[in-house]
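To keep things clear, I will list the structure first and then write my remarks on it.
The values are calculated or read from the model by the stated rules, or taken from the named source; none is laboratory data. Values in this document were obtained by computation on a predicted structure and should not be read as measured data. So basically every Cβ, Gly included, is an ideal-geometry build from the backbone, and we count neighbours across all protein chains shown. Note: accessible area is taken over every heavy atom of the protein model, side chains too, but ligands, DNA and RNA are not part of it. Shrake-Rupley method; radii C 1.70, N 1.55, O 1.52, S 1.80 Å.
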Amino acid sequence: MPKPRSAQVSIDATPYYHCISRCVRRAYLCGIDVHTGVSYEHRRGWVEQKILKLGQVFCIDVCAYAVMSNHYHVVLHINTQQAEQLSDKAVHARWQSLFKGNHLSARFLRDEPVTDAEMAVVKELTDTWRSRLMDISWFMRVLNE
């Protein structure tokens, strides 16, 4: 029975993980579909660029990757030290480079005044987003979108 990634990942045991994602029902990620003759080779560059971009945004180092015709492999290193050293603004900026964010975090990034209650919400968002920036599940989720 498969286990969720959260039950398999233990940073204390090792920060390195080999992850695989594959297409189903004879779908092709890249290469030439032998059944239809259609070439999907242009997608290989898209996947490689996305892997490398996410490696810059997330606090996860991409050690190696391979993009095959119907699946890809990535070897990832969770860089907890980098995540802990990020400033609150850096966390918000990285997160908003991938997702829309919200009005409050945008105000925080622009150095606009915020109330104590709003700052508490900003701190809560920062903690949530910091943990997601070093989460393999979030990395793979964004990559597979």
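On inspection, residue 115 does not qualify as modelled with pLDDT of 95 or more and either over 30 Å from residue 71 (Cβ atoms) or surrounded by fewer than 16 Cβ atoms within 10 Å (Cβ to Cβ) (or both).
Here is a yes/no grid of residues against (1) within 23 Å of residue 52 (Cβ to Cβ); (2) part of a loop (DSSP other than H, G, I, E, B); (3) touching a Ser or Thr at 6+ places or on another chain (Cβ under 6 Å):
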{"position": "66", "(1), (2), (3)": "yes, no, no"}
{"position": "69", "(1), (2), (3)": "yes, yes, no"}
{"position": "73", "(1), (2), (3)": "yes, no, no"}
{"position": "81", "(1), (2), (3)": "yes, no, no"}
{"position": "95", "(1), (2), (3)": "yes, no, no"}
{"position": "104", "(1), (2), (3)": "no, no, no"}
{"position": "121", "(1), (2), (3)": "no, no, no"}
{"position": "127", "(1), (2), (3)": "no, no, no"}
{"position": "143", "(1), (2), (3)": "yes, no, no"}
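For segment 94-108, the criterion of a residue being among the aliphatic types (A, V, I, L, M) and either on the phi > 0 side of the Ramachandran plot or touching a Lys or Arg at 6+ places or on another chain (Cβ under 7 Å) (or both) is satisfied by no position. Checked against (1) under 24 Å from residue 25 (Cβ atoms); (2) modelled with pLDDT of 95 or more; (3) open to solvent by 50 Å² or more (accessible area, probe 1.4 Å); (4) in a helix (DSSP H, G or I), residue 131 passes all but condition (1). Given the condition assigned to a loop (DSSP other than H, G, I, E, B), touching a residue at least 60 places away in the same chain (Cβ under 8 Å), under 20 Å from residue 142 (Cβ atoms) and not aromatic (Phe, Trp, Tyr), answer yes or no: does some residue in segment 28-41 qualify? No, segment 28-41 contains no residue that is assigned to a loop (DSSP other than H, G, I, E, B), touching a residue at least 60 places away in the same chain (Cβ under 8 Å), under 20 Å from residue 142 (Cβ atoms) and not aromatic (Phe, Trp, Tyr). Scanning segment 5-21 for residues that are over 15 Å from residue 65 (Cα atoms), touching a residue at least 12 places away in the same chain (Cβ under 8 Å) and not hydroxyl-bearing (Ser, Thr, Tyr) gives 5, 9, 11, 15. Scanning segment 22-53 for residues that are under 17 Å from residue 71 (Cα atoms), within 22 Å of the chain's Cα centre (by Cα) and either surrounded by 14 or more Cβ atoms within 10 Å (Cβ to Cβ) or among the charged types (D, E, K, R) (or both) returns 22, 23, 29, 30, 43, 44, 47, 48, 50, 51.
Residue 50 passes every criterion in (1) touching a residue at least 12 places away in the same chain (Cβ under 8 Å); (2) farther than 16 Å from residue 143 by Cα; (3) not in a loop (DSSP other than H, G, I, E, B) apart from (2).
Considering only segment 72-91, I want to know if a residue exists there that is free of Cβ contacts under 8 Å to residues at least 40 places away in the same chain and of a type in the set (A, V, I, L, M). Yes, because at least one residue in segment 72-91 is free of Cβ contacts under 8 Å to residues at least 40 places away in the same chain and of a type in the set (A, V, I, L, M). Would it be correct to say that residue 10 is outside any loop (DSSP other than H, G, I, E, B) and small (Gly, Ala, Ser)? No: the conditions fail for residue 10.
Among the numbered criteria (1) within 26 Å of residue 7 (Cα to Cα); (2) among the basic types (Lys, Arg); (3) open to solvent by 50 Å² or more (accessible area, probe 1.4 Å), which single criterion is violated by residue 100? Residue 100 satisfies all of (1) within 26 Å of residue 7 (Cα to Cα); (2) among the basic types (Lys, Arg); (3) open to solvent by 50 Å² or more (accessible area, probe 1.4 Å) except (1).
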